[in-house]
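The values are calculated or read from the model by the stated rules, or taken from the named source; none is laboratory data. In this text the structure is predicted, and so the values were computed from the model without any measurement. Ideal geometry is used to build each Cβ from the backbone, glycine not excepted, and the neighbour counts take in all protein chains shown. Side chains are part of the model used for accessible areas, which takes the heavy atoms of the whole protein and leaves out ligands, DNA and RNA. Shrake-Rupley method; radii C 1.70, N 1.55, O 1.52, S 1.80 Å.
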Amino acid sequence: MMWRFGLADSTFEPLLTSHWALAIALSMPLVLGGLAAVWPPKRMWVVALACAPLLTSGLLLLVDFTQIGLLRWQGEVLGVSIGLRLNGVSILLLLLTQWLGAASALYTPGLLSVSPPERLARWLWPLMGVVVSALSLVWLATDLITLYLALELMGLAAVGMLLLSGKTPALFASMRYLLLTLVGSLAYLLGVALLLGYWGQVDLAGLAQVVEPGPVTWVAAALIGGGLALKAALFPLHAWLSPVHASAWTPVSALHAGLVVKASLFVLLQLWSILLPDTFWAPRLVAWMGMLAIIWGGLIAWRAESLKTLVASSTVAQLGYLMVVFPLLLGPNVGPLAKALAWEGFWLQLMGHALAKAAMFLAAGNLILATGETTLKGLAGCSRKLPLSLLVFGIASVTLMGLPPSAGFTAKWLLLQAMVISQQWWAVAALLIGTLLTAAYVFRFFRYSFMETAPRHHYQPLSPGMDIIALCLALAAFVLGLLAHFPLELLHGGSL
């Protein structure tokens, strides 16, 4: 597993363009966020021009990786060794972060133009910049200290974004989120302290060389796993997720559900691959919780009265698919073919869900903003005036249900192959049940939206770009299934 995460020596030194592109990728979101706080952009084209250098930096890093392979940067800050690496997983997640961050930023001027102006709205920009930069650092970091700092910056900025609406429910939900994420950070830090005190290593590659199974390693893995599971809203530590999204602004929900909760899951898988390689019980426990998450999240979404509750509960269920894969990636007695298929399916599912869930939150936000209604019954008959928003919701739902030819279908097909090869029939059953539950809550919403007998409401016109941005994300998740061979080659360190 270590080479899959790029925790190895690189053959070539990074190019000069790689150094500049890395600096831009990590610092540009902070710079742009600060400038936007002083001069808030009013037009989408201004945001698009500002995001162009950031997106270009990601493409340059992609080109350098395909030409050179694994890239590593090593330095020292206050006597502590700091390392970064760029491999197939990190470049894909970096690109995903940049494009989803850009989409959320592009959506924001349209939202602020049609909703009542908020006095704290200008602070959304720098907080969004901190989240994007911190996420980028999470994907690249190769030491425990940098990972901790990046996760903390990301979490605190996410809490700040959720507070901006100024509503009382948002305040209570954000304070609860802050408390829980700090508890998760404390557990993670205690685990890191155990590893540092016993093994004397913070570098992940160095830790992999010296760590051995034993009580200290197991306790540290449990602390780190519990803390990161709380941050990632993994079942059964997910109760904070739905209230957080209920009052959050639409681009905040899109960025949070699409990326923020994935960062802790990424770190968990990476660290457990070092601390608990070929372990039977820990990955199985995560997988059993994942099965319950698929069923519980699907049932809550099916019974939800609010559209945002439906979409947020769907996130709990979709994260369950990723949890179910843990025994295939970390467990013993898994053949190389099954492990390779599970590796591909895991990351393709993560990327497809990030794009589709961001699109779904943007579409849901458009429906709520245009109608002034938040419940499914209140949105009855909205297909008359908002067909494009419903189309976006439907395309995103295709990916979540795993219908062909979307990324969700390709990812689930890969995962099913791995599960059948390794004869994990309980996981196969979980995926099939989850697909049926997803279809149930999606079609329940569409039954309301196409109700012809519903009363007609006044609709507030939206900025045209708001639906277009959501549509682009939904189509990206859809097309990713057709072009899956490109990211899959990168996952294996191959070139395009």
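If you find the alpha carbon centre of region 287-337 and of region 28-104, how far apart are they in angstrom?
29 Å
Compute the FRET efficiency between TRP426 and PHE280 as 1/(1 + (r/R0)^6), taking r as their Cβ-Cβ distance and R0 = 25 Å, and round to the nearest 0.05. All intermediate terms of the calculation are to be shown ahead of the outcome.
On the way: r = 15 Å, r/R0 = 0.59.
The formula returns an efficiency of 0.95 here.
Going by the alpha-carbon gyration tensor, a ≥ b ≥ c the square roots of its eigenvalues, is region 31-171 rounded (a/c under 1.5) or, if a/c is not under 1.5, prolate (a/b greater than b/c) versus oblate? Display every interim value, and only then the final one.
On the way: a/c = 2.63, a/b = 1.56, b/c = 1.68.
Oblate, since a/c reaches 1.5 and b/c is not below a/b.
Give, in nm to one decimal, the length gained when the segment between VAL31 and ARG303 is fully stretched (0.36 nm per residue of separation minus the Cα-Cα distance). Numbers along the way, then the final one.
Details: separation 272, 0.36 × 272 = 97.92 nm, distance 4.31 nm.
Between VAL31 and ARG303, full extension yields an extra 93.6 nm.
Using the heavy atoms of the protein chains alone and a 1.4 angstrom probe, what is the accessible area of region 65-169 per residue in square angstrom? List each step's numbers first, then the result.
Working: 3570 Å² over 105 residues.
With all protein chains present, region 65-169 gives 34 Å² per residue.
Could you tell me which GluC sites (Glu not before Pro) in region 288-387 are loop residues by DSSP with no more than 15 other beta carbons within 10 angstrom of their beta carbon?
When the GluC sites (Glu not before Pro) of region 288-387 are filtered for loop state and at most 15 Cβ neighbours within 10 Å, GLU305 remain.
What distance in nm separates the simple spin-label points at CYS472 and TRP218, each placed 7 Å from Cα in the Cβ direction?
Going by the 7 Å Cα→Cβ label model, 5.1 nm.
What residues from region 295-321 fall in the zone where the backbone N is under 20 Å from a label point 7 Å along the Cα-to-C-beta line of ARG447?
Answer for region 295-321: 295-314.
Roughly how tilted is helix 281-303, in degrees to the nearest 10 and between 0 and 90, from the longest Cα axis of the chain?
Tilt of helix 281-303: around 0 degrees.
I'd like the orientation of helix 215-231 relative to the chain: the angle between its Cα long axis and the longest Cα principal axis, in ° from 0 to 90, rounded to 10.
Its long axis makes an angle of about 20 degrees.
With every protein chain present, what is the per residue accessible area of region 331-467 (1.4 Å probe, Å²)? Numbers along the way, then the final one.
Numbers: 5140 Å² over 137 residues.
For region 331-467, the per-residue accessible area is 38 Å².
Which one, TRP20, ASN87, ALA359, is farthest towards the positive end of the dipole of the chain when Lys and Arg carry +1 and Asp and Glu -1 on their Cβ?
Checking the options against the dipole of the chain, the answer is ALA359.
When only C-alpha pairs under 8 Å and at least 6 residues apart count, what is the relative contact order of region 152-307, in percent?
Answer for region 152-307 is 28 percent.
Using only the alpha-carbon atoms, how far is helix 387-401 inclined from the longest principal axis of the chain? Give it as 0 to 90 degrees, nearest 10.
The angle comes out at about 30 degrees.
What relative contact order, as a whole-number percentage, does region 343-496 give when Cα pairs under 8 Å and 6 or more residues apart are counted? Don't jump to the answer; show the numbers that get you there.
Details: 198 pairs, mean separation 62.8, N = 154.
Relative contact order comes out at 41 percent.
Do the alpha carbons of any pairs in LYS262/LYS339; LYS42/LYS412; LYS42/LYS231 sit beyond 31 Å of each other, and which pairs? Kindly include the intermediate steps, with their values, before the conclusion.
Details: LYS262/LYS339 21 Å; LYS42/LYS412 41 Å; LYS42/LYS231 33 Å.
In this structure, LYS42/LYS412; LYS42/LYS231 lie more than 31 Å apart at Cα.
Could you order the peptides 290-303, 247-260 from most to least packed, using the average number of other C-beta atoms within 10 Å per residue? Mind showing how you got there, number by number?
Values: 290-303: 21.2, 247-260: 26.6.
The packing order, highest mean first, is 247-260, 290-303.
Which whole-number percent gives the relative contact order of the chain, counting Cα pairs below 8 Å spaced six or more residues apart? Mind dumping the intermediate values first?
Details: 843 pairs, mean separation 75.7, N = 496.
Contact order relative to length: 15 percent.
Can you list the lysines whose alpha carbon sits under 20 Å from that of LYS167, skipping same-chain ones fewer than 8 residues off?
LYS308
Name the shape class, rounded, prolate or oblate, that the alpha-carbon gyration tensor gives for region 79-152, where a ≥ b ≥ c are the square roots of its eigenvalues, rounded holds for a/c under 1.5, and otherwise prolate holds if a/b is larger than b/c and oblate otherwise.
Values: a/c = 5.16, a/b = 1.99, b/c = 2.59.
In terms of gyration-tensor shape, oblate.
Under 15 Å between alpha carbons, and skipping anything fewer than 8 positions from LYS357 in its own chain: which aspartates and glutamates qualify?
List returned: ASP467.
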